[in-house]
Structure formats: structure tokens, C-alpha cells
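Structure first, then comments.
The values are calculated or read from the model by the stated rules, or taken from the named source; none is laboratory data. As the structure is a prediction and not an experimental result, all values here were calculated from the model. Using ideal geometry, Cβ is built from the backbone for each residue, glycine included, and neighbour counts are taken over all protein chains shown.
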Amino acid sequence: MTLSLKKDHKLADLFLQAKPESAGPKFFSDLKSKARLVLEEVGFPTVKAEEYKYTNISKKIADSIENPGSPSPISNLEKVEALRDLLDSIDGYQIITNNGIPEEALSDSPEGLFGLHHFTDLDASAIQEIGQIEKPENDAFSALNTFSFSQGLRIDIPDGKILKKPLVMVHYVRADENGACVYPRIFINAGKNSQASVIELTVFLNDETVFVNSVSEWAVAENAHIRHYKLQDGNKNTLEVHNTGANIHKDATLTSVVLSLEAGMIRNNLSIDLNASNCEGNMYGLYLLNGKTHVDNHTNVDHTQPHSQSNELYKGILADHSRGVFNGKIFVRQIAQKTNAFQQNNNILLSEDATVNTKPQLEIWADDVKCSHGCTTGQLDEEALFYMRARGMSKESARALLLYAFAGEVLEKISIEPFKKYCEKLVHERLGGSY
Amino acid sequence: MLSIKNLHASVEGTAILNGINLEIKPGEVHAIMGPNGSGKSTLASVLAGREEYEVTAGEVTFKGKDLLDLSPEDRAREGVFLAFQYPVEIPGVSSTNFLRTAVNQVREYRGQEPLDAVKFLSLMKEKMKLVEIDQKLLSRALNEGFSGGEKKKNEIFQMAVLEPTLSILDETDSGLDIDALKVVANGVNQLKSKDNATIVVTHYQRLLDYIVPDYVHVLFNGRIVKSGTKALALELEEKGYDWIKDEVAGTAV
Ligand SMILES: Nc1ncnc2c1ncn2[C@@H]1O[C@H](COP(=O)(O)OP(=O)(O)OP(=O)(O)O)[C@@H](O)[C@H]1O
Ligand SMILES: [Mg+2]
């Protein structure tokens, strides 16, 4: 693999060979051909590519994934105990994917609340929307998912439906002799005036190296209000690239909260198009990294019409040799007057060997807007630490309390109580333990 | 109770304290005055254990123990309390949570049972009355967005809760209006006993009308250059520090 090239074609070839294009409706074979073309023509990004210059995930995949195929479905999933207590306490509607493939039999699909359909079962008009929000040409990994997924899931929340319980999407992942690459593919359509929360969890059934490459598309119709929580708590051998794209319509809101607690390397691409007036996109993230974990959040919000709002807060605590990357793009188009856009990225480095690369990227063409951004990277506040110790609190407790307070600003964005409690406990354990 | 002998301290290689000697007995109130930059806060910080300050010579014993050998938290647990000149704002940490953790760690060190939520709350209530601090303030994050006066009151409130044997009040009166000053002084006086001692660092003799000192010391260039009674504070108020500086210059030649 030559790093002088901006794109890695060898890796692309490997994946293209691994996956014979599947049959299915013509729409998909066309979409997949398009994705193939993207991979053939541009390949995977190397560190020479601006968008991936700090995150050499192509190389990481090339070095650690021996078999670019996908594992077969795991049997007896219903017996898996992992997260059982959490799932019981949340008491939501479970939606299961099994090594990337939706598991209808294990998923809840209560009559009249929401629709759950395999892509291959969709009618012509519902099919047409797939791959239009998160287009294969946006990103090589979006193309890879599009080319490689063998079944996707479309969730339709009907107009006016307010889901009292959250949807809990659980991705079960385990590599086998057929491969280590998993491609969840989701399309969520939130109808007019609907309201729902979606919690997304991944269960890695062992510590073997796996590559999870997902695409999720969110169509949020007029006055719909959607909250999306994603917990990334794998192990040091997990490699993940997620492309999440959202289209937000008039008076609608999408709130995304991403917690990255454990992984080998993660790249999250989150892109929100605020396509109408008075709509809102909220992007929150927390990453607690140690060892050599590397987490990269690239976010993109596009204000295209007047009176829309975006709020963004990503916070990181980095120990050991870990690395965090944040890139936040905000576009405010010329007609998007009265836009409010706020962005913050704050990091605490607990070790001299930890690194953060943070970059706000604001492009504002409208003149009557309120936009602000800021990023900070520093050590734990020594003044505060001394103040607390001078009251009799141990250094360890003071440290943990300060770090927890820092993280708390993101955790408080979680509005589902049992899930929030669970995340708080994970964060507590991390901050009181290895930190 | 506290014995400071020939204390020298420096920060980043610059000497700030140049041989402090001070003896404090239980029940006493000592006022420390002196011009800006003379080293008053440095002395207070060194006693509380701030790590940026390096003690280059001298010794400090507190209730027979080598104070300089203890971590900041152990000094607090032994009964040293510093009311900060500039209390730190700590966003996201609730005042109540913080104080309860601190109190219980102090109790643990002293071999006492931890206070449960109910007992802690009644302790808080009792002390809140003493310093006339608003409950609303304590339900907020520690010192965050507090006014100057509110921060100072909160220091005294924490002192009341922790019941130290040696309290060091670093300019707790600065920035207080006369009503707040009376409340703070009243709190300090009520906590005074024959077993504990207080060091008040101040620029204003006004405070000393309410907290009456047994001794007044003048700190200049990192040394105590003059000690006296309350009368010395009145003299300083009237004449400023120049005559003391001249005296020091005179003896140095
Ligand atoms: N952390 C530090 N780094 C560098 N210099 C310091 C530091 N702390 C104190 N100093 C210096 O030490 C000297 C004494 O400072 P200190 O704060 O003790 O004075 P002070 O008597 O409390 O003054 P004030 O009346 O203004 O509060 C000053 O010259 C100050 O600039
Ligand atoms: Mg001072």
C-alpha cells in the first residue's frame, strides 16, 4: 500500500472481490453498481486525503482484517445475555440485526405503531428513497456499505404517531470463518408530527477483530421530533465507520447523542441537512479514550433555509496514547438568514501522549446569523483540584468528580432515564477506575 | 498549635517567602496585613499545601505533626482550613455533593461514621442559618456564577460545616458590603472556641472591628517585619505602609 496515493485502490479491490453483487430489485443493483464505481474510481482514503488525514482507518483495516467477507448469522441470538439488564430496564421495542442482517423473528413490530420492512420487500416508492440521503459518492465507506450490505431495514413511523417507548436497535456482531466485516443498513422515516427515540447499541460477542461499517439514513418530516442515541462500547479490536445522514424538514428536530467509550478505532460521519425553516439539528458527543483507542467525529450541518438552528457539543477525555479527532462543518447558505448555529468541542488530556486534533469549519454566506464556535484542549483544572483537596477530598475523588462533571454536560442530553443511568454508571466506572 | 519556623518558599525559582516565624496558640486570632504582593496569599497557600510552591527552608508543625509532610487533603482532615482569596468556580459539580463527599472523607480520616443524607442535610441547614446563606445558592454548581460576596459567604459556610481547628481567611472581607461583612464576621466569631485558632489576612482594619485579633503582623517582602496588637492595625490604616517600608530599609542598611 503506497501512502503517497490519496486513495487506496488495493483495499477497494479486495472488498470488491469479496462481495459478488447480489441480485434483488433493479433499484438496488443500480445503486450497488454506482457504489462499485465509486470504489473502483476513488478507492479508500489514505492520510493524504484531507477528510481522513488524522484517521488512517483504511490502513488499519488493511492491516488487521484478514478476511474481507461477512460472517454468517449467529445462531441462538435469543440466548445472548449481554446487555440483558439494560434492555429489560429500558423496556423498548427491540430491533435486532444479526451480523448486519435484520432479524425479523427477534424484532418487535407491534401492530399499528411503526412499520418494519426489509429493503427487498419495499414497494417501488419506498425503495426510491434509499441511498438518497447518504449517497455512495459522499464517502468511500458509505459506498462500501452500499456495495456490500445484503439486506437493509426500513422503519416507518406513521404520521402523528408518538412512540412512548424507545426503539432499541441492537446490532449483534461476531466474526467467523466467512469474514469479519459487518454492514448494517438502516433507513428511518419519521412521518409528519411523529415523535420517537432510538437507542442504538452494538454487542460484540467476542474480542476478535471486526469491522463494522454502517449507513443510516433519517428522513424527518414536518414537525417530527426524533432523538437518536448511539453507544459505542466495544473492545480494543473493534474497527467502526458509521455514516449517518439526516434530512430535516419544517419545524422538525433531530437530536443525536453519540457516546464512544471503547473501541480500537472509530470514525463517525454525521451529516444533517436542515432543509426548511424552523428546523433544528442537535449533535452531542462524548468520548472517553484510553490505551491506543482512536475516535474521530466528523460532523456536518447544512443550514439551507431561514430560521433554523443547530447546537453542537462534543467533549472528550483522553488518557494514555489515545487520540481524538473532531471536525465540525457548519454551512449557512445565503438565504438562510436568522440561523443560529453553535458549536463547542472541549477536551481534557490526562496524558502527555494523548492527542486531539480539532477543527471547526464554518462557511457562512448569510449575513444576519448568530454563529459561534469554540474548542479547548487542556489538562484537568489544577486550581479546581487544589480547591477540592483543600476541603479534605482525596486527589482521586476530586479528579473523578471533576471529570465526571465535565462529561455530565453531554450525559444530561440523554432523556431516557434507564439508559441515562446505565451510561452514567459506565462513565463513573471509567473515571473512577483507570483514570 | 501552629508553629512556623524560618519558612522560605519559592515559585518557579523566585523566592517569595523569606523566613517567616509565627507561633499560634489555641484560642488566638492573628491578623496578617501587608502591601499587595508581600506574600500573604503565598503563606496561606503553603500552609494549605498548594503544590506549585516549593518550600526551600524552614519547618511548620501543626498539633505536633510536620504539616509540610502532609498532602493538602490530609492537612484539611487534620483541621486546617483555607478560605480562598479567589474561590474557584467548578461547573458541573454540585455544592452539596462536593461538600458531602469532603465531609465524609474527613470523618473517615478521623475514624468517625459517615453522615447519611438526612444527617448531612440537617448539618447543612444548621450551618446555613449561621452564615445566612441562601439554600438556592447551594443547589447550584459550586461557586459557578456566584457574585464575589456569595463566593466569600460560601467559603465561610464550608468552614462552618468542616469545623476546622485552624482557619486561614485570605481576604474574606474584600469585596463585601458592610452587611455581608457583619454576617461573615458573626459566623467566624460563633465558630471561635478556646480550642481553635484563626488567621485573618486583610487589608482593612474595618474587619478587625468585628473579628478582634490578639495579634497583628505585617508581612513585607516575604517576612514578618512588625508585630503588635490591634493598635497596629489602626496605625496602618492611618499611615499606610510607607513608614514600615522605611523602617525595614533603615534596619537593612
Ligand atoms: N504562582 C505564581 N507564579 C509566579 N509568581 C507568583 C505566584 N504566586 C505568587 N506569585 C508572586 O508572589 C508575590 C506574592 O504574591 P501573593 O499573592 O502571596 O501576595 P499577597 O500578599 O497575597 O498580595 P495581595 O494583597 O495582592 O493579595 C507576588 O509578587 C506574586 O506575583
Ligand atoms: Mg493575596
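Restricting the search to region B:1-32, which residues are of a type in the set (A, V, I, L, M, F, W, C), surrounded by 18 or more Cβ atoms within 10 Å (Cβ to Cβ) and in a strand (DSSP E or B)? I'd like the intermediate steps shown before the answer.
First, the residues of region B:1-32 that are of a type in the set (A, V, I, L, M, F, W, C): B:1-2, B:4, B:7, B:9, B:11, B:15-17, B:20, B:22, B:24, B:29, B:31-32.
Still in the running and surrounded by 18 or more Cβ atoms within 10 Å (Cβ to Cβ): B:1-2, B:4, B:7, B:9, B:16-17, B:20, B:22, B:24, B:29, B:31-32.
Result: B:L2, B:I4, B:L7, B:A9, B:I16, B:L17, B:I20, B:L22, B:I24, B:V29, B:A31, B:I32.
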Those residues of region B:124-141 which are outside any strand (DSSP E or B) and either at pLDDT 95 or above or small (G, A, S) (or both), in sequence order: B:S139
For region A:363-390, what are the residues that are within 14 Å of chain B (Cβ to nearest Cβ) and either in a helix (DSSP H, G or I) or in contact with a Cys (Cβ under 8 Å, 6 or more places away or on another chain) (or both)? A:E382, A:E383, A:A384, A:L385, A:F386, A:Y387, A:M388, A:R389
Of everything in region B:88-97, what is farther than 9 Å from B:E144 by Cβ and facing another protein chain (nearest Cβ under 7 Å)? Give them in sequence order. B:V88
Of the conditions (1) more than 10 Å from chain B (Cβ to nearest Cβ); (2) not small (G, A, S); (3) not in a helix (DSSP H, G or I), A:M393 clears all except one; give me its number. (1)
Pull out all pairs, ordered by first then second residue, where Cβ-Cβ is under 6 Å, the residues are six or more apart or on different chains, the first lies in region A:406-418 and is within 11 Å of chain B (Cβ to nearest Cβ) and under 20 Å from A:V168 (Cβ atoms), and the second is buried (at least 16 other Cβ atoms within 10 Å of the Cβ) and of a type in the set (D, E). A:L411/A:E424
Options B:G19, B:G79, B:G58, B:G27; residue that is within 14 Å of another protein chain (Cβ to nearest Cβ), away from ligand 2 (no atom under 16 Å from the Cβ), in contact (Cβ under 8 Å) with a residue 24 or more places away in the chain and on the phi > 0 side of the Ramachandran plot: B:G79
With criteria (1) under 23 Å from B:D173 (Cβ atoms); (2) outside any loop (DSSP other than H, G, I, E, B), B:W243 comes up short on (1)
Checked pairs for region B:192-218, first farther than 22 Å from B:N36 by Cα and away from chain A (no Cβ under 14 Å), second among the acidic types (D, E) and within 16 Å of ligand 1 (Cβ to nearest atom), C-beta under 9 Å and 6 or more apart or across chains, list as B:Y210/B:D173
Filtered residues of region B:12-37 (kept if near ligand 1 (Cβ under 8 Å from one of its atoms) and within 30 Å of B:K194 (Cα to Cα)): B:G34
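Can you tell me how many residues in region B:151-182 are assigned to a helix (DSSP H, G or I), away from ligand 2 (no atom under 16 Å from the Cβ) and either under 15 Å from the mean Cα position of the chain (by Cα) or buried (at least 18 other Cβ atoms within 10 Å of the Cβ) (or both)? Lay out the reasoning, then the answer.
Let us first name the residues in region B:151-182 that are assigned to a helix (DSSP H, G or I), namely B:151-162, B:178-182.
In the following step, the residues that additionally are away from ligand 2 (no atom under 16 Å from the Cβ) were identified as B:153-154, B:156-162, B:178-182.
Still in the list and also either under 15 Å from the mean Cα position of the chain (by Cα) or buried (at least 18 other Cβ atoms within 10 Å of the Cβ) (or both): B:153-154, B:156-162, B:180-181.
Of the residues in region B:151-182, 11 are assigned to a helix (DSSP H, G or I), away from ligand 2 (no atom under 16 Å from the Cβ) and either under 15 Å from the mean Cα position of the chain (by Cα) or buried (at least 18 other Cβ atoms within 10 Å of the Cβ) (or both).
Take the conditions surrounded by 15 or more Cβ atoms within 10 Å (Cβ to Cβ) and not charged (D, E, K, R) and apply them to A:G392. Does it pass?
Values: surrounded by 15 or more Cβ atoms within 10 Å (Cβ to Cβ): yes; not charged (D, E, K, R): yes.
So A:G392 fits the description; yes.
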Only helices (runs of 4 or more DSSP H) wholly contained in region A:63-167 count here; list those with 3 or more residues that are surrounded by fewer than 18 Cβ atoms within 10 Å (Cβ to Cβ). A:84-90, A:124-128
